[in-house]
Amino acid sequence: MANKTVFIDGEAGTTGLGIRARLEGVAGITLLHLPERERKNAQARQAAMVAADLVVLCLPDQAAREAVALVEALGAKAPRILDASTAHRTAPGWVYGFPELADEQAAAIAGAARVANPGCYATGAIALLRPLVAAGLIAPDQPLAINAVSGYSGGGRTMIAAHEAVSGPAFELYALGLEHKHVPEIMRYAGLARRPLFVPSVGHFRQGMLVSIPVFLDELPGRPDGAALRAALARHYRGAALISVSEGGEDKISAETPEGSDAMELHVFAHEGHRQAVLVARLDNLGKGASGAAVQNVRLMLGLAAVAANQKEVDHVR
């Protein structure tokens with residue numbers, strides 16, 4: 001099979017650098033690069049798009065929309081697009097880039113012209129909720145609170161610089177206006193009819209993420225126990241290379257993940273006497289929450305073999 005050409009528009013940002021590091025040296029892929037002076041030149045970018053089989057957008061939302069317009073102006077010469085921004089995650093005509101979402105999702109991504117990479121928090125929340133809603137163990141209109149903490153590397157250059165200068169706070173809540181941009185995709189792809197209360201936070205550690213959802217078991221349909229919730233998750237993700245379901249037994253969990261991990265762990269912590277449970281997803285906000293997920297989608301879109309959770313992309317371990 002001939003090499004496939006990928007152009008990362010916005011490769012100098014955190015997600016773009018992560019994608020580039022994972023793809024450099026991967027058999028079957030040639031990366032296109034623009035000189036720094038031309039990275040904001042629309043004509044140069046459009047020329048790179050013409051030469052590419054796949055364009056990966058690592059841009060702010062408005063810039064991503066403008067980049068899509070550049071691609072669409074190419075007509076029959078337009079490449080396929082994977083957008084890592086929030087701009088198109090619930091937009092008509094775009095396939096959601098979470099291969100484990102449903103049985104047919106990986107095939108839909110593989111055949112799509114336009115794929116939207118999921119948000120980091122959304123990845124954890126949807127991974128926990130979608131199988132349980134589909135199994136009838138959580139009602140679509142269930143009142144839910146989603147708590148999450150991320151490493152500071154997900155906050156962009158300003159936040160990264162602040163924390164790495166040892167001036168960042170140890171822990172802070174944010175988005176307390178309750179309008180976080182990940183909520184619409186969580187609702188759509190988890191199958192929720194009622195808006196959840198979402199409370200994100202940032203800790204003074206570089207990368208890693210916990211997404212936790214507390215539930216009262218007696219308020220869920222059928223009044224399941226923790227084992228039933230865990231079994232439903234295990235059934236849904238049976239055979240998934242990058243998502244595992246813990247068998248339980250832990251009493252605590254750290255947000256920090258092995259550096260460079262593209263895997264995600266799902267946990268159900270339950271107390272049957274109190275009839276309470278906490279659903280928890282642990283992932284790397286730069287891995288399965290961003291660049292790792294993007295590369296998983298790149299491989300699907302270009303027809304390349306998947307990488308298992310315990311494997312590394314060639315240059316990712318540098």
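The values are calculated or read from the model by the stated rules, or taken from the named source; none is laboratory data. All figures in this text were calculated on a predicted structure; none of them were measured in a lab. Virtual Cβ from ideal backbone geometry, glycine too; neighbours counted across all protein chains shown. Accessible surface areas use protein heavy atoms only, side chains included; no ligands, DNA or RNA. Shrake-Rupley method; radii C 1.70, N 1.55, O 1.52, S 1.80 Å.
Computed quantities for the displayed model
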| quantity | calculated |
| --- | --- |
| Lysine pairs with alpha-carbon atoms under 22 Å apart, the chain, spacing 8 or more or separate chains | 6 |
| F171 accessible area, 1.4 Å probe, all protein chains in place, Å² to nearest 10 | 120 Å² |
| Backbone HN-Hα couplings from phi across the stretch 15-20 [Karplus 6.51/-1.76/1.60, Hz, Gly and Pro as x] | 5, x, 5, x, 5, 4 |
| Residue with peak Gaussian network fluctuation, the chain [Cα springs, cutoff 10 Å], from D103, D53, D61 | D103 |
| Neighbour cut-off at most 14 other Cβ (10 Å), DSSP loop, GluC sites (Glu not before Pro), the stretch 137-219 | E179 |
| Charge-dipole axis of the stretch 150-274 as Lys and Arg at +1 and Asp and Glu at -1 on Cβ define it, positive-most pick from H236, A193, F205 | A193 |
| Charge tally in the Cβ shell below 14 Å around A51, where Lys, Arg are +1 and Asp, Glu are -1, A51 excluded | +1 |
| For T5, distant residues with modelled amide H under 5 Å away | T30, D53, L54 |
| In degrees, nearest ten, helix 61-72 long axis to first principal axis of the chain (Cα) | 50 degrees |
| Charge context of I186, other residues only, Cβ under 15 angstrom, K/R +1, D/E -1 | +3 |
| Whole-number D in µm² s⁻¹ for the stretch 163-203, Kirkwood Cα-pair radius fed into Stokes-Einstein, 37 °C, 0.692 mPa s | 275 µm²/s |
| Dipole magnitude of the chain about its Cα centre (Cβ charges: Lys, Arg +1; Asp, Glu -1), debye to nearest 20 | 580 debye |
